Amino acid sequence: MAPAIFTLAADAPKLDSGNTAFLLLSSALVMLMTPGLAFFYGGMVRVKSALNMLMMSFISLGIITLLWTGYGFSFAFDSDHGGFIGGTNWLGLRDIAPDDLWGATGTPIFAFAAFQLMFAIITPALISGALADRVKFVAWSVFIALWATVVYFPVAHWVWGGGWLMKKGVIDFAGGTAVHINAGAAALGVILVIGKRVGFKRDPMRPHSMPWVMLGAGLLWFGWFGFNAGSEITSDGVASTVFINTQIATAAAMIGWLLYERVRHGSFTTLGAASGAVAGLVAITPSCASVSPLGAIAVGVIAGVICAAAVGLKYRFNYDDSLDVVGVHMVGGIVGSLLIGFLATGGVGQDVKGVFYGGGWHQFGIQAIGVFSVLGYSLVVSAILAKAIDMVMGFRVPEEVEVSGIDQAEHAETAYDFAGIGSTGHAAAPAGVDTATSKKVDA
């Protein structure tokens, strides 16, 4: 992520149309990731919860956009206050002119704000996968509004906006700590409060649509090039390196996950391929501008194997992470962030070198501070928010709603009309029969 230094002075760089176009396109790619996530998660739940899962991602597009406009961007990226939060100069995105530029990149502040907005949208949406099948839609909406305010916006400032972790030298190019560890730890905090699904470890809870899952994974993979390469802000050699590293690590992680799955369970599954790809995308996110292409292979394979093993921990430790947000996003973010301390070459986007390149253990220690400070803060505050919401309005749906299907109860809809055939929603009627009334009519 480019340093959060802004320039409004008369001698500021002139608009760079190439960098601006690159950043706007990257913003659109990152926005597409949220619908992609909706399909990825939506396919993994049972059919009775599919629409609810889609809506838990889509509502983030609405709520977080308004909060970001009101105060989120200012709190995350305005001038630093004590290392923990930004200022209030940009509340309502005010006092920003169309030609005010972000740092030396030659891109408008509005373009940067739009790009960062898409990160703010998808991060709380990631949490939703851990809570599948069992939470009230209104309670979820309140939670993400509060969580973005007291967790995401401050943490984004810590890591990218000139806050204390950025000053300490933590490397997080595109969101290993601020996005993935943050969301994964939040997911763990909430599920420890709200408890397990009815039938956890007893009833089969298989994905209802693997085509949805694969479509969602493909959209995530596609959009992630904007997520990672776009974080360079400028269309230069670093962005190109980040792009290729993203592809390499994702491919390696998918292979690593599938090999682990084959050895451990005896088969190569489509769910494993999709999950492995996402694990690789998560792990390369913080490290994509620090490692070489060969380093990206290492990041991917290690993340694929470790995340594949980690998703089974929920059964050992008896916490119900419905769609493996903890095992993929929290663990993958930890792996990718800490591996910078070993694999950073000092020759890509930063001059910091890891242990394997003669840099010693210093950067590894700094990365560990970033990882565990974000993890601890998000875990504790998220659990407190979940407990408060549960006490005030109840976080979970009633047990009978969870068993019968949350889609109909919360949204008055179902994903599929199994009773209907054709565009009218009615089965085809014999000739001479009115399809609406089933009564015979004159020919």
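The values are calculated or read from the model by the stated rules, or taken from the named source; none is laboratory data. Just so you know, these numbers come straight off a predicted model, no measurement behind them. Cβ: placed from backbone, ideal geometry, glycine included. Neighbour counts: every protein chain shown. For accessibility, only protein heavy atoms count, side chains too; no ligands or nucleic acids. Shrake-Rupley method; radii C 1.70, N 1.55, O 1.52, S 1.80 Å.
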Go through the range 98-144 residue by residue and tally those that are modelled with pLDDT of 95 or more, open to solvent by 10 Å² or more (accessible area, probe 1.4 Å) and among the small types (Gly, Ala, Ser). 2
Answer yes or no: is there a residue in the range 361-371 that is touching a residue at least 40 places away in the same chain (Cβ under 8 Å), open to solvent by 30 Å² or more (accessible area, probe 1.4 Å) and under 21 Å from residue 182 (Cβ atoms). yes
Please tell me if residue 83 is assigned to a loop (DSSP other than H, G, I, E, B), touching a residue at least 40 places away in the same chain (Cβ under 8 Å) and not hydroxyl-bearing (Ser, Thr, Tyr). yes
Subset of the range 309-333 [open to solvent by less than 40 Å² (accessible area, probe 1.4 Å) and of a type in the set (S, T, N, Q)]: 322
Name the residue that is farthest from the chain's Cα centre (by Cα), counting only residues in the range 177-213 that are within 22 Å of residue 149 (Cβ to Cβ) and small (Gly, Ala, Ser). 189
Could you please let me know if residue 291 is open to solvent by less than 30 Å² (accessible area, probe 1.4 Å) and in a helix (DSSP H, G or I)? no
Across the range 78-97, what is the total count of residues that are open to solvent by less than 70 Å² (accessible area, probe 1.4 Å) and aromatic (Phe, Trp, Tyr)? 1
Answer yes if at least one residue in the range 341-352 is in a helix (DSSP H, G or I) and touching a residue at least 24 places away in the same chain (Cβ under 8 Å), and no otherwise. yes
How many residues does the range 180-216 hold that are more than 21 Å from residue 47 (Cα to Cα) and assigned to a loop (DSSP other than H, G, I, E, B)? 1
If you go through the range 66-108, how many residues are under 25 Å from residue 17 (Cα atoms) and of a type in the set (S, T, N, Q)? 4
Quick test for you: out of 275, 231, pick the one residue that is free of Cβ contacts under 8 Å to residues at least 60 places away in the same chain, part of a helix (DSSP H, G or I), of a type in the set (S, T, N, Q) and under 30 Å from residue 345 (Cα atoms). 275
Could you check how many residues of the range 270-295 are over 12 Å from residue 180 (Cα atoms) and among the β-branched types (Val, Ile, Thr)? 2
Of the criteria (1) among the aromatic types (Phe, Trp, Tyr); (2) under 24 Å from residue 28 (Cβ atoms); (3) more than 13 Å from the chain's Cα centre (by Cα), which one residue 224 fails: (3)
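Residue by residue, here is whether (1) in contact (Cβ under 8 Å) with a residue 24 or more places away in the chain; (2) open to solvent by less than 50 Å² (accessible area, probe 1.4 Å) holds:
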residue	(1), (2)
210	yes, yes
223	yes, yes
259	yes, no
266	no, yes
270	yes, no
279	yes, yes
284	yes, yes
305	yes, no
Here the residues within the range 246-257 that are under 19 Å from the mean Cα position of the chain (by Cα) and buried (at least 24 other Cβ atoms within 10 Å of the Cβ) are 246, 249, 250, 253, 254
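Condition check ((1) surrounded by fewer than 12 Cβ atoms within 10 Å (Cβ to Cβ); (2) modelled with pLDDT of 90 or more) across all residues:
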site	(1), (2)
340	no, yes
343	no, yes
377	no, yes
389	no, yes
392	yes, yes
424	yes, no
434	yes, no
441	yes, no
Unique residue being out of contact with any helix residue (DSSP H, G or I) (no Cβ under 9 Å at 6 or more places or on another chain), closer than 30 Å to residue 254 by Cα and hydrophobic (A, V, I, L, M, F, W, C) when the list is 356, 342, 317: 317
